[in-house]
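Novice: Below is a structure I'd like to ask you about.
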2 protein chains.
Amino acid sequence: MKVEIINIGDELLIGQVVNTNASWMADQLNQVGIEVVQITAISDTYEHIFQGLDLAKSRADVIILTGGLGPTKDDITKTVLCNYFNTKLVFNEKAFKQVEELFHLRGFKVTAINRKQAEIPANCIPLQNTNGTAPGMWFEQDGKIIISIPGVPFEMHALIKDQIIPQLLEKSDPEVIINKTVLTQGIGESALAEIITDWESNLPDYFKLAYLPQPGIVRLRLTAKGNERNLLQRNLDEQLTELLKIIPNLIFGYNNDTLEQVLQELFLKEKKTLSIAESCTGGYIAQLITSVSGSSSYFMGSVVAYDNEVKEHILGISKDLMIEFGTVSKQVVEQMALKAQSLFNTDYAIATSGIAGPNGGSKEKPVGTTWIAIATPDQGIISKKYLFGEHRGRNIRKAALTAMNKLRLEIEKNISKGLSV
Amino acid sequence: MKVEIINIGDELLIGQVVNTNASWMADQLNQVGIEVVQITAISDTYEHIFQGLDLAKSRADVIILTGGLGPTKDDITKTVLCNYFNTKLVFNEKAFKQVEELFHLRGFKVTAINRKQAEIPANCIPLQNTNGTAPGMWFEQDGKIIISIPGVPFEMHALIKDQIIPQLLEKSDPEVIINKTVLTQGIGESALAEIITDWESNLPDYFKLAYLPQPGIVRLRLTAKGNERNLLQRNLDEQLTELLKIIPNLIFGYNNDTLEQVLQELFLKEKKTLSIAESCTGGYIAQLITSVSGSSSYFMGSVVAYDNEVKEHILGISKDLMIEFGTVSKQVVEQMALKAQSLFNTDYAIATSGIAGPNGGSKEKPVGTTWIAIATPDQGIISKKYLFGEHRGRNIRKAALTAMNKLRLEIEKNISKGLSV
């Protein structure tokens, strides 16, 4: 069963509203194995809606339209549908009763406009809108299903989940589609593609791999299509187990995991604490860590040591060291991590020092040069230099994610060494 | 000139990624008076791209395709374009040189895959991608323009802004549309609408006002359409001067201004310095401040005092005070600001202490309760309590923006008092 989504509304075409309705609907349908073949945003004019319907019918079995069902003059979807199906609007008693009940519950009076909203094309089956006044409409013609629902997210969500998906599943024998997204940190898209090229080439035909790069992270989405869910799931898991053997350190999670969540789980499990001394990342790591609820259980705090006087007076970095090696150096970043570890009295500490840019670079230390250090519970300290790039925002993000992934690897190393509690 | 946008990528059709590329592009084109007639998301399969192109050509003058240009096997847009235009991929020396330069700057080696990315259809003009390895491509055929660019937002943004829009404007004669966006902080959408209702009702017909709310900020975009640019501009400026009289403290900037940029300009102009003590905002304010290049000239640093021991031992807040009043209190947040001011030896200091949620609330101090304090150069201290809401991420952002806007108002007050250098 192939579905096409048509979202009607000028606000989408002038970029005022991001089309989150489409992604939400696509996600819901995909989760039950129904394939979405196209998503189209069009303006609420007669011709666009009429033509959009016609073209969608040539590609898909089911068309879901959202929008243009409000009570105002610019809402013309019902008029178009009547013409499309060569029928008329008729007052639907059942649809009206539902509005009456809803209004009664909320203590509102039903108006003439609400009564008009219960007028629907004669050939459709109304779908109850439990959160609003415009009913959904279900049409069938020439073996195709056409569904029209309001674009208000709250109303649309309930209609899709409670009525449309269950009814579509009854009518379909959907092909099973499953997917899992692998999250990697520490490598660019091209380099990753080279490392896993053999694995990728050997994937059976019913698999599809997509690379989804973001600053500091490359996501790999593996999709499998077939008939037997359990078999597919087993095969997909086997492929991902193989992938994990090839790039064990690069994979930090799956699907919607984030590094900050993965770290929090590790820290809480190991009952360890964390502090940070941030120079070039300027608080970015601390805000990622604290964006997760419950982070106060393991995260003690951070010194954003942006000025060298702060590095000296609050962190206690020796001025001589900064003069001798520069603040963007192995020596200084390691001191920063060790000083944060003792100042905050934590098990682990991260430190960053780099040239975020666009200014401040030199021939020896170009913009993007970044030192990252991790102080570990066994008095250990590791550090490494990176060359990120020229763009300030991306450099900060890459430095933060790289530091967090390094920290993850250190904790896991210590767990396997038996250093955990 | 009618534009159609086609976004290629399975991630859009399974709902994994929200199509923010489309809304961003539509907004940019709309701002310069170019109309977007349709936005289509399709999968990266040969037939869909080919058919999508054909149909779009029947509706629009310009088609902009994004996605499917990466170096990996799932990226097939170039192959489709070659077939569509009945041409071949040829190695483009200029495009390759640009990749080489970019890689050289970052200290990477150019791989065979990168060399392959410089192969483009023979009939296109390459568009330099200053932020990535896949060049944009500009085709012209039968009086239509077809443009293919990468879907990575960072790369796409630069191509659209710096190359595609200027070249499209040269080829079109659009109606003059000008707009200016007013940025407000400190008030919600409905309350703002009530305050400015008379001003809004009195706007002439050729003006259009749009409310664009974000957590902590409401943007107002005023658009004017007409024939004479200078007259339009004068009328728009007059309307905005009127608006500024009604809500002088709420407006912190215009268009793409940010509070962090506005603050930096004020601090540099006044030659003052800043430090922060963050509890509930967890480093969020510091990372906003340091996201601006040059912030190291006035921003000394921050203590993210997430744990109470950190508040006591690093900031020097008295334990008794925290026990007596709680850490989310006027007394503690004022101490935090004053201690940061003296610890970092700065003119101004901000402090935040609140319950970001979703846990940790009580009847007296529900989730969202936040105290914000500003220490000023004349030994002054101001503080205020806010009740933001229930959502952690939004509470953090609202607290940060509110603190920054309060700081802006304090500096401006001191300038008008003649306290500046």
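The values are calculated or read from the model by the stated rules, or taken from the named source; none is laboratory data. Just so it is clear, the model here is predicted, and its values are computed rather than measured. Counting neighbours? That spans all protein chains shown, and the Cβs are built from the backbone with ideal geometry, glycine included.
Novice: Looking at A:THR281, A:THR327, A:THR258, A:THR273, which is the one that is in contact with a strand residue (DSSP E or B) (Cβ under 7 Å, 6 or more places away or on another chain), of a type outside the set (A, V, I, L, M, F, W, C) and closer than 26 Å to A:VAL218 by Cβ? Let's see the steps before the verdict.
Specialist: Working: A:THR327 fails: closer than 26 Å to A:VAL218 by Cβ; A:THR258 fails: in contact with a strand residue (DSSP E or B) (Cβ under 7 Å, 6 or more places away or on another chain); A:THR273 fails: closer than 26 Å to A:VAL218 by Cβ.
Just one listed residue meets the conditions, A:THR281.
Novice: Please go through region B:384-397 and give me each residue that is crowded, with 23+ Cβ neighbours inside 10 Å and part of a helix (DSSP H, G or I), ordered by number. Outline the logic, then answer.
Specialist: Step one: filter region B:384-397 for residues crowded, with 23+ Cβ neighbours inside 10 Å, giving B:388, B:395-396.
Result: B:ASN395, B:ILE396.
Novice: Here's something else I'd like to know. Just to be sure I understand, how many residues within region A:140-198 are within 14 Å of chain B (Cβ to nearest Cβ), touching a Pro at 6+ places or on another chain (Cβ under 9 Å) and under 30 Å from A:ASN129 (Cβ atoms)?
Specialist: Counting residues in region A:140-198 that are within 14 Å of chain B (Cβ to nearest Cβ), touching a Pro at 6+ places or on another chain (Cβ under 9 Å) and under 30 Å from A:ASN129 (Cβ atoms) gives 1.
Novice: Among the residues of region B:334-385 satisfying the criterion of being out of contact with any helix residue (DSSP H, G or I) (no Cβ under 6 Å at 6 or more places or on another chain) and hydroxyl-bearing (Ser, Thr, Tyr), which is nearest to B:ASN414 (Cα to Cα)?
Specialist: Only one residue tops the list, namely B:TYR348.
Novice: Looking at B:GLY368 and the list (1) at pLDDT 95 or above; (2) in contact with a Leu (Cβ under 6 Å, 6 or more places away or on another chain), which single condition is not satisfied?
Specialist: Unmet condition: (1).
Novice: A follow-up question, please. Kindly list the number of the only condition in (1) buried (at least 20 other Cβ atoms within 10 Å of the Cβ); (2) at the interface with chain A (Cβ under 8 Å from one of its Cβ atoms); (3) under 28 Å from B:ASN255 (Cα atoms); (4) in contact with a Ser or Thr (Cβ under 8 Å, 6 or more places away or on another chain) that fails for B:VAL36.
Specialist: (4)
Novice: Something else about it: Residues of region A:321-339 being in contact with a Leu (Cβ under 8 Å, 6 or more places away or on another chain) and of a type in the set (Lys, Arg), which ones?
Specialist: A:LYS339, the sole residue that qualifies.
Novice: A further question follows. Name every residue in region B:32-75 that is hydroxyl-bearing (Ser, Thr, Tyr), without any contact (Cβ under 8 Å) to a residue 60 or more places away in the chain and assigned to a strand (DSSP E or B), in order of residue number.
Specialist: Residues of region B:32-75 that are hydroxyl-bearing (Ser, Thr, Tyr), as a first pass: B:40, B:43, B:45-46, B:58, B:66, B:72.
So of that shortlist, the ones also without any contact (Cβ under 8 Å) to a residue 60 or more places away in the chain come out as B:40, B:43, B:45-46, B:58, B:72.
The one that is hydroxyl-bearing (Ser, Thr, Tyr), without any contact (Cβ under 8 Å) to a residue 60 or more places away in the chain and assigned to a strand (DSSP E or B): B:THR40.
Novice: Could I ask something else about it? Does A:GLY283 satisfy being out of contact with any His (no Cβ under 9 Å at 6 or more places or on another chain), over 23 Å from A:GLU410 (Cα atoms) and not acidic (Asp, Glu)? So that I can check it myself, show each step before the final result.
Specialist: Details: out of contact with any His (no Cβ under 9 Å at 6 or more places or on another chain): yes; over 23 Å from A:GLU410 (Cα atoms): no; not acidic (Asp, Glu): yes.
So A:GLY283 does not fit the description; no.
Novice: Test each condition in (1) farther than 15 Å from B:ILE165 by Cβ; (2) surrounded by 18 or more Cβ atoms within 10 Å (Cβ to Cβ); (3) at the interface with another protein chain (Cβ under 7 Å from one of its Cβ atoms) for B:ALA56 and report the one that comes out false.
Specialist: (3)
Novice: Mind checking whether some residue in region B:223-240 is hydroxyl-bearing (Ser, Thr, Tyr) and in contact with a Gly (Cβ under 7 Å, 6 or more places away or on another chain)? I'd like the intermediate steps shown before the answer.
Specialist: Just the residues of region B:223-240 that are hydroxyl-bearing (Ser, Thr, Tyr), to begin with: B:223.
Checking which are in contact with a Gly (Cβ under 7 Å, 6 or more places away or on another chain) leaves us with none.
No, that holds for no residue.
Novice: Among the residues of region A:40-48, is there at least one that is within 30 Å of A:LYS225 (Cβ to Cβ), at the interface with another protein chain (Cβ under 8 Å from one of its Cβ atoms) and touching a Ser or Thr at 6+ places or on another chain (Cβ under 8 Å)?
Specialist: Of the residues in region A:40-48, the ones within 30 Å of A:LYS225 (Cβ to Cβ) are A:40-42.
Of the ones still in play, those that are also at the interface with another protein chain (Cβ under 8 Å from one of its Cβ atoms) are A:40-42.
With the extra rule that they be touching a Ser or Thr at 6+ places or on another chain (Cβ under 8 Å), the set shrinks to A:40-41.
Within region A:40-48, one or more residues are within 30 Å of A:LYS225 (Cβ to Cβ), at the interface with another protein chain (Cβ under 8 Å from one of its Cβ atoms) and touching a Ser or Thr at 6+ places or on another chain (Cβ under 8 Å).
Novice: Let me ask something else about it. Could you please find all residues in region A:11-31 being in a helix (DSSP H, G or I), over 18 Å from A:ILE164 (Cα atoms) and within 7 Å of chain B (Cβ to nearest Cβ)? Spell out how you get there, then give the answer.
Specialist: So the first thing to find is which residues in region A:11-31 are in a helix (DSSP H, G or I), and the list is A:11-13, A:20-31.
Narrowing further to those that are over 18 Å from A:ILE164 (Cα atoms): A:11-13, A:20.
Matches in region A:11-31: A:LEU12, A:LEU13, A:THR20.
Novice: Limited to region B:181-215, what total is found for residues that are modelled with pLDDT under 90 and within 18 Å of the chain's Cα centre (by Cα)?
Specialist: Here the count works out to 6.
Novice: Still on this model: Checking the conditions here, which among A:ILE145, A:ILE149, A:ILE76, A:ILE125 is out of contact with any Phe, Trp or Tyr (no Cβ under 9 Å at 6 or more places or on another chain) and among the β-branched types (Val, Ile, Thr)?
Specialist: Details: A:ILE145 fails: out of contact with any Phe, Trp or Tyr (no Cβ under 9 Å at 6 or more places or on another chain); A:ILE76 fails: out of contact with any Phe, Trp or Tyr (no Cβ under 9 Å at 6 or more places or on another chain); A:ILE125 fails: out of contact with any Phe, Trp or Tyr (no Cβ under 9 Å at 6 or more places or on another chain).
The match here is A:ILE149.
Novice: Would you be able to tell me the number of residues in region A:134-157 that are of a type in the set (Phe, Trp, Tyr) and touching a Leu at 6+ places or on another chain (Cβ under 9 Å)? Please lay out each step first, then the result.
Specialist: In the first step, residues of region A:134-157 are kept if they are of a type in the set (Phe, Trp, Tyr); the result is A:138-139, A:154.
When the remaining residues are screened for being touching a Leu at 6+ places or on another chain (Cβ under 9 Å), the result is A:138-139.
Here the count works out to 2.
Novice: Would you check if there is a residue in region B:80-87 being within 13 Å of chain A (Cβ to nearest Cβ), in contact (Cβ under 8 Å) with a residue 24 or more places away in the chain and crowded, with 23+ Cβ neighbours inside 10 Å? Spell out the reasoning first.
Specialist: Taking region B:80-87 first, the residues within 13 Å of chain A (Cβ to nearest Cβ) are none.
Checked against the condition, which is being within 13 Å of chain A (Cβ to nearest Cβ), in contact (Cβ under 8 Å) with a residue 24 or more places away in the chain and crowded, with 23+ Cβ neighbours inside 10 Å, region B:80-87 yields no hits at all.
Novice: If B:SER190 satisfies every condition in (1) closer than 13 Å to B:LEU250 by Cβ; (2) without any contact (Cβ under 8 Å) to a residue 12 or more places away in the chain but one, which is the exception?
Specialist: B:SER190 satisfies all of (1) closer than 13 Å to B:LEU250 by Cβ; (2) without any contact (Cβ under 8 Å) to a residue 12 or more places away in the chain except (1).
Novice: Just one of the numbered conditions (1) in a helix (DSSP H, G or I); (2) more than 12 Å from every other protein chain (Cβ to nearest Cβ) is not true of A:ASP205; which one?
Specialist: (1)
Novice: Out of region B:148-199, which residues are within 18 Å of A:HIS391 (Cβ to Cβ) and either among the basic types (Lys, Arg) or touching a His at 6+ places or on another chain (Cβ under 8 Å) (or both)?
Specialist: B:PHE154, B:LYS161
Novice: Looking at region B:111-135, which of the residues that are aliphatic (A, V, I, L, M) and more than 10 Å from every other protein chain (Cβ to nearest Cβ) is farthest from B:PRO150 (Cα to Cα)? Full working, then the answer.
Specialist: Kept after step one, since they are aliphatic (A, V, I, L, M), are these residues of region B:111-135: B:112-113, B:118, B:120, B:122, B:125, B:127, B:134.
If we keep only those that are more than 10 Å from every other protein chain (Cβ to nearest Cβ) as well, we get B:118, B:120, B:122, B:125, B:127, B:134.
Values: B:ALA118: 13, B:ILE120: 13, B:ALA122: 18, B:ILE125: 15, B:LEU127: 11, B:ALA134: 7 Å.
By that ranking, first place goes to B:ALA122.
Novice: Here is a follow-up. What are the residue pairs meeting all of these: first residue in region B:166-187, first residue of a type in the set (D, E, K, R), second residue in a strand (DSSP E or B), Cβ atoms under 8 Å, and 6 or more apart or on different chains?
Specialist: Within 8 Å, the pairs are B:LYS171/B:ILE145; B:GLU175/B:LYS225; B:GLU175/B:GLY226; B:LYS180/B:ARG221; B:LYS180/B:LEU222; B:LYS180/B:TYR254.
Novice: Only one of (1) more than 19 Å from A:SER329 (Cα to Cα); (2) without any contact (Cβ under 8 Å) to a residue 40 or more places away in the chain; (3) within 10 Å of chain B (Cβ to nearest Cβ) is not met by A:GLN379, so which one is it?
Specialist: Failing condition for A:GLN379: (3).
Novice: When residues of region A:365-393 are filtered for being under 19 Å from A:LEU250 (Cα atoms) and not aromatic (Phe, Trp, Tyr), how many remain?
Specialist: Here the count works out to 8.
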